[in-house]
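Down below is the structure, laid out as structure tokens.
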Amino acid sequence: MRTYELMFIVDPRVPDEEVVALTDDVKELLTSGGGEIAKEQSWGKRKLAYEINKLSEGKYVLLHVRVADGASPFPLLEQRLQQNEKVLRFLTVRTDTGRMRFPFEPDEEPAVEPAAAGGD
């Protein structure tokens, strides 16, 4: 079973009821495509890192999804999210790859010794 995180950002002018309806539609597409919603988080309205369509805020929704091997509900879902004018951005990330967040260890000692202060 593979795990994913799907985050999408909705136009802040969209009423909360429509955000809930959109989230329900996304969950329906995921479950009908072989996915299982493990966790849902609505982060509410937050400031964007940069303006999108002259907007500086967006409503964030994060879904943690489990998908059976061989199933892939994401192509259809991503197509629908791209076509939806209420969705500013979305991103799907696979989280079960087993990679470490920090793939390297810091050196025990600095590679180059700093020059001694006033050492002439």
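Since every read-out is calculated from the coordinates, none of them should be taken as a lab result. As the structure is a prediction and not an experimental result, all values here were calculated from the model. For neighbour counting, all protein chains shown are included, and Cβ atoms are generated from backbone atoms with ideal geometry for every residue, glycine included.
Below are the figures for this structure:
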quantity: Computed label-point distance, nm, for sites residue 16 and residue 39 using a 7 Å Cα→Cβ extension; calculated: 2.2
quantity: Top positive-direction residue, dipole computed over the range 35-89 with Cβ charges, set 37, 58, 84; calculated: 58
quantity: Label-to-label distance, nm, for residues given as residue 66 and residue 82 (7 Å Cα→Cβ offset); calculated: 3.0
quantity: Environment charge of residue 81, counting only residues whose C-beta is closer than 15 Å and scoring Lys/Arg +1, Asp/Glu -1; calculated: -3
quantity: Student exercise, the range 1-61 dipole from Lys, Arg, Asp, Glu Cβ charges, in Debye to nearest 20; calculated: 320
